[in-house]
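One structure is given below, encoded as structure tokens.
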Amino acid sequence: MSQKKKSSNTFIIVLTLLVFASIAVFVVLNSNNQKENEPGTEFSEQPSLEKQPRLGEEDAPVKVVEFGDFKCPACKAWGESIYPQLVDDYVESGQVEFGYINVLFHGEESTLGSAAAEAVLKLEPESYWDFHKKLFAEQPENDHDTVWLTVDKIHEVAAETTGIAAEDLEAAMQTEAVVEEVNKDTSLVEEYEIQLTPTIMVNEVMIEDPFDYEKIKSVIDEALEDQE
């Protein structure tokens with residue numbers, strides 16, 4: 001095994017241990033407070049977007065949140081089909097602010113993608129969405145089991161979408177601040193009992209079918225009417 005391969009494997013192991021050790025704490029803390037809710041349920045409050053990647057006006061009257069996983073094929077499909085409509089219809093007009101929360105349903109690859117995205121957000125926030133979209137674009141078509149979300153792939157995508165040096169990105173991915181942000185997302189996944197990705201919430205409402213754009217629009221429009 002080459003020295004580069006050994007270093008890459010060590011990096012993945014260290015990062016994974018850091019994240020999952022902290023996740024275990026969140027699971028214990030939240031286990032007694034979980035709500036038994038099915039998709040389509042209305043919650044008492046919407047997920048917090050503090051320090052999350054956000055697109056649109058901060059004072060927009062409606063918040064739409066995606067719980068997604070960079071390893072999830074359905075999330076890629078949602079990002080290519082529904083997300084552009086949402087941006088065109090509501091985000092660009094200032095009516096909706098969109099936010100993204102990481103879900104780690106696919107182990108090491110999900111962890112790597114989430115940590116890399118959080119690191120980009122901290123180091124070069126203006127490049128976050130370019131990195132986010134490009135990482136999803138790199139997901140193989142019709143080959144979900146392939147290991148593709150690697151340290152090398154992250155560096156490749158970052159080189160195309162950011163000005164961040166590879167060594168700086170790797171260092172940031174292992175910082176306590178980035179690990180805390182990934183863990184915060186996991187606590188929200190626990191709190192809202194996310195079972196599927198993508199899961200879409202409009203303010204406090206969890207949409208039953210994330211690909212039903214007419215339903216998403218109707219919930220947004222109703223929320224906008226309530227603001228008048």
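I'd like the FRET efficiency for residue 214 and residue 126, computed as 1/(1 + (r/R0)^6) with the beta carbon distance as r and R0 of 35 Å, rounded to 0.05.
0.60
With a cut-off of at most 10 other beta carbons within 10 Å, and DSSP calling the residue loop, which trypsin sites (Lys or Arg not before Pro) in region 34-134 qualify? Please list them. Walk me through the numbers before you get to the answer.
Working: sites: 35, 51, 54, 63, 71, 76, 122, 133, 134; in loops: 35, 51, 71.
Within region 34-134, the qualifying trypsin sites (Lys or Arg not before Pro) (loop, at most 10 other Cβ atoms within 10 Å) are 35.
Sort region 65-212 into rounded, prolate or oblate with this rule: let a ≥ b ≥ c be the square roots of the eigenvalues of the Cα gyration tensor; rounded if a/c is under 1.5, and if a/c is not under 1.5, prolate when a/b is larger than b/c, oblate otherwise. Could you put the intermediate results ahead of the total?
Numbers: a/c = 1.43, a/b = 1.39, b/c = 1.03.
Cα axes put region 65-212 in the rounded bin.
How large is log10 I(q)/I(0) at q = 0.23, 0.25 Å⁻¹ when the Debye formula is applied to the Cα atoms of region 67-131, each weighted equally and without solvent?
At q = 0.23, 0.25 Å⁻¹ the computed log10 ratios are -1.09, -1.17.
May I ask for the net charge around residue 118, where only other residues with Cβ less than 10 Å from the Cβ of residue 118 are counted and Lys, Arg are +1 while Asp, Glu are -1?
Values: positive: 51, 122, 184; negative: 180, 181, 185.
Net charge around residue 118: 0.
Grab the beta carbon distance between residue 175 and residue 58, set R0 = 25 Å, and tell me the FRET efficiency rounded to 0.05. Show your work: numbers first, answer last.
On the way: r = 25 Å, r/R0 = 1.02.
Efficiency, from the Cβ-Cβ distance: 0.50.
Identify, among 139, 162, 127, the residue whose Cα sits farthest towards the positive end of the charge dipole of region 101-228, taking +1 on the Cβ of Lys and Arg and -1 on the Cβ of Asp and Glu, with the dipole about the Cα centre.
Toward the positive end, the furthest listed residue is 162.
Please compute the modelled spin-label separation between residue 145 and residue 41, points set 7 Å along Cα→Cβ, answer in nm with one decimal.
It is 3.3 nm.
If eta is 1.306 mPa s and T is 10 °C, what Stokes-Einstein diffusion coefficient results for region 116-160, Kirkwood Rh from Cα pairs, in µm²/s?
Result for D is 144 µm²/s.
With r defined as the distance between the Cβ atoms of residue 106 and residue 225 and R0 fixed at 35 Å, what FRET efficiency is calculated, to the nearest 0.05? Don't skip to the answer; put the middle values down first.
Details: r = 38 Å, r/R0 = 1.10.
E(calc), rounded to 0.05, equals 0.35.
Could you list the square roots of 5 times each eigenvalue of the Cα gyration tensor of region 136-227, that is, the equivalent ellipsoid semi-axes, sorted largest first and rounded to whole Å?
32, 19, 15
Let me spell out the model: positive unit charges on the Cβ of Lys and Arg, negative unit charges on the Cβ of Asp and Glu, origin at the Cα centre of region 130-228. What dipole size does that give, in debye rounded to 20? Please report the intermediate quantities before stating the final value.
Details: 6 positive and 28 negative charges, 62 e Å.
Magnitude of the dipole: close to 300 debye.
A short reminder: the numbers here are calculations on the coordinates, not readings from a lab. All figures in this text were calculated on a predicted structure; none of them were measured in a lab. Positions of Cβ are backbone-derived with ideal geometry, glycine not excepted, and every protein chain shown enters the neighbour counts.
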